[in-house]
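One structure below.
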Amino acid sequence: MTVVETPPPPQPSQDELEALIEEARRRTRRRRLAFIGGALGVALAVGVALIIGGLVGGGSGTAVPKGFVAVHSRGPVLHARLEDLNANVKTVALADGSVKPTRVTREVWWNESTGLYRTVYRYDGVVIGDLVQDGCFTPNRRICMPPEPFDLQLKGRGWPPRKNYARRVGTGTFRGRPVVWVEGLVSPENGTHQLSGDQVGYDPVTHRPLVLRQILRTGSGRQRIFSQTAVTLLPVLSGKAVTFAVPDGGAPRNADLKVAGFRKVSIDEAANVLGRTPLWLGRSYKGHHLRFIQSGQEGSANGKNRGAGMAPVIRLDYGPFRLEEFGDERPVWLPGGLPSAKVFVASGSTTLERDGMAVDVVGGLTGPFSPAEAAALARALRPAP
């Protein structure tokens with residue numbers, strides 16, 4: 001039995017379904033912002049935190065971060081891995097400056113009984129984010145919007161496609177495998193449903209989803225792929241095997257960045273805040289002067305929109321770009337152990353770890369940093385005097 005063929009729960013009303021679909025669109029927009037701009041840097045720049053909480057193994061004695069509680073799942077936990085094939089992220093090796101595309105993946109766990117779902121973001125297998133959210137809300141009654149890819153059935157794009165919500169639009173191949181394309185429909189105009197551009201590629205034999213993609217069509221009838229995500233459904237887990245780490249106050253439906261207590265400090269005071277010497281680029285870098293240094297607390301929101309997993313951070317502002325640095329103490333959403341010999345470069349940020357410091361460079365010199373510019377900046381970082 002596949003996930004998409006699991007008998008669906010009682011269907012919501014039309015108004016509730018529209019609310020669910022709008023919720024899914026909001027999530028999709030937020031995820032696109034995250035990956036288009038870099039899973040960490042742009043999130044900080046635009047005020048959207050990617051990470052809150054985490055997932056820990058079941059059993060007694062399991063540790064959870066300070067300010068978080070362990071919530072045991074109930075019933076089956078669905079599990080999937082998604083690979084974003086159009087993510088504009090590059091990995092730069094500092095030793096020789098070589099550049100290669102970064103493999104950007106999301107691993108998702110969904111437990112409908114608790115309404116919790118977890119997303120782990122990885123660059124080339126390295127965890128760069130870990131998010132737990134609440135997938136349920138109450139417009140008229142408690143209903144749940146599963147995370148992608150477990151929302152296909154509810155949105156009518158499961159197998160078989162639901163009439164007036166989706167339809168088959170042809171066959172093709174994905175990574176050498178045959179697929180049947182199902183495309184969602186939007187509200188009718190003049191009595192005719194319009195194709196939405198949101199497609200799912202199903203294995204014609206097992207009816208398991210293999211790929212999600214968005215198609216853009218031109219007036220001449222041509223189409224191009226805007227985004228594409230490979231889908232791997234993993235074995236369903238027992239509720240006894242999964243425990244979510246949820247912040248006090250509950251998991252949020254949409255996790256937002258929380259900051260507090262920012263003030264200007266000297267470079268010596270910044271070292272005291274972090275417990276180690278911060279990295280900098282000197283008083284100026286390529287003609288851009290260090291304008292100010294700030295210290296503060298940074299973390300994520302809980303279900304009551306209050307701070308969770310807060311940790312000290314310093315910002316060194318060079319005008320068109322800034323350095324954001326964490327020492328030993330970090331927000332729950334920022335793991336340690338990023339590869340020190342590599343730099344991850346996205347369209348709005350550069351992420352690296354060096355000398356025990358996690359550094360995110362937000363912005364660029366005249367626009368987003370190129371891989372070569374990001375590598376040069378990383379090499380120029382040095383302990384502040």
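Only the coordinates and a few stated rules stand behind these numbers; no lab work does. Source: prediction; values computed, not measured. Here the Cβ positions follow ideal geometry from the backbone for every residue, glycine too, while neighbour counts run over all protein chains shown.
Legend: distances between Cα atoms for K100/K286; K100/K155; K163/K304; K155/K304; K100/K264; pairs beyond 31 Å are K100/K155; K163/K304; K100/K264.
Were the residues from K304 through D203 laid out at 0.36 nm apart, the gain over their Cα-Cα distance would be 32.2 nm.
Shown is the FRET efficiency for F174 and D248, computed with R0 = 56 Å from the Cβ-Cβ distance and rounded to the nearest 0.05: 0.85.
Annotation: peptides 176-183, 357-364, ranked by per-residue average of other Cβ atoms within 10 Å with the highest first, follow the order 357-364, 176-183.
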